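Just below is one structure, and these are the notes that go with it.
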Amino acid sequence: MTKPLIIIFIFLFVSCGPSHKKSKQEILEEKAEYYYNKEIYKEAIPYFDQLINIDSTKGVYYLKRGFCYDKLFYQRFAYSDYQKAIKLKYGIAVAYLHIGVMYSENEQDSLALIYYDKSLSLDSSRYQNIQILKRISQEMIKSRKNNPAAWKEFEEFKKRKGLN
């Protein structure tokens, strides 16, 4: 009779033992991801800042903070973070793609084409999307101010593909 009680006691002790306490980094990651996924980018940035201060070797923090900056039109900061993610070898193709889109938005389509090609060379799964962006950029280079239809197509494409 005491043997089954001991087994039950051991089972309860092991299964109900002390739970894992989240580290500061885990809590910050959860908060950063929450705001990032809810597209509340202004709120996500300070959490990514803190995460980078804790561990500056994680490219994901730079890539996501760069995206937040990009969405808030702080393109200089976005560009810097995308470059840091690339240097850390994280999300390189995605970073190049977003840099290309930034250049297109700033009417620097020749530079955009370079970054689209870099992205494409690393990740062919985005082939169709990048080819469309390249074609639109080439059209815009030819007739930047005279082709509002190309600009509209670019904006609509970005929206459909979640690049805006």
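Of all residues in region 104-113, those that are within 15 Å of Tyr79 (Cα to Cα) and surrounded by fewer than 21 Cβ atoms within 10 Å (Cβ to Cβ) total 4.
Per the conditions (1) part of a helix (DSSP H, G or I); (2) modelled with pLDDT of 85 or more, the sole criterion not satisfied by Phe73 is (1).
Quick check: anything in region 121-129 surrounded by fewer than 19 Cβ atoms within 10 Å (Cβ to Cβ), of a type in the set (D, E, K, R) and in a loop (DSSP other than H, G, I, E, B)? Yes, region 121-129 contains a residue that is surrounded by fewer than 19 Cβ atoms within 10 Å (Cβ to Cβ), of a type in the set (D, E, K, R) and in a loop (DSSP other than H, G, I, E, B).
Within region 86-113, the set of residues being over 15 Å from Ile136 (Cβ atoms) and either outside any helix (DSSP H, G or I) or more than 10 Å from the chain's Cα centre (by Cα) (or both) comprises Ile86, Lys87, Leu88, Lys89, Tyr90, Gly91, Ile92, Ala93, Tyr96, Ile99. No other residue among Leu72, Leu88 is among the aliphatic types (A, V, I, L, M) and more than 18 Å from Tyr41 (Cβ to Cβ) apart from Leu88. Among the numbered conditions (1) in a helix (DSSP H, G or I); (2) more than 30 Å from Glu155 (Cα to Cα); (3) out of contact with any helix residue (DSSP H, G or I) (no Cβ under 6 Å at 6 or more places or on another chain), the only one that Thr57 does not meet is (1). Within region 19-43, can you find the residues that are without any contact (Cβ under 8 Å) to a residue 24 or more places away in the chain and either touching a Pro at 6+ places or on another chain (Cβ under 8 Å) or assigned to a helix (DSSP H, G or I) (or both)? If the condition is that a residue be without any contact (Cβ under 8 Å) to a residue 24 or more places away in the chain and either touching a Pro at 6+ places or on another chain (Cβ under 8 Å) or assigned to a helix (DSSP H, G or I) (or both), then Glu26, Ile27, Glu29, Glu30, Lys31, Glu33, Tyr34, Tyr35, Asn37, Glu43 are the ones that fit. Remark: pairs (first residue in region 53-81, on the phi > 0 side of the Ramachandran plot; second residue surrounded by fewer than 23 Cβ atoms within 10 Å (Cβ to Cβ) and part of a helix (DSSP H, G or I); Cβ separation under 6 Å; 6+ apart in sequence or on different chains) are absent.
The values are calculated or read from the model by the stated rules, or taken from the named source; none is laboratory data. Computed from a prediction, not measured in an experiment: that's the story for all the values here. Every residue, glycine as well, gets a Cβ built from its backbone with ideal geometry; the counts of neighbours run over all protein chains shown.
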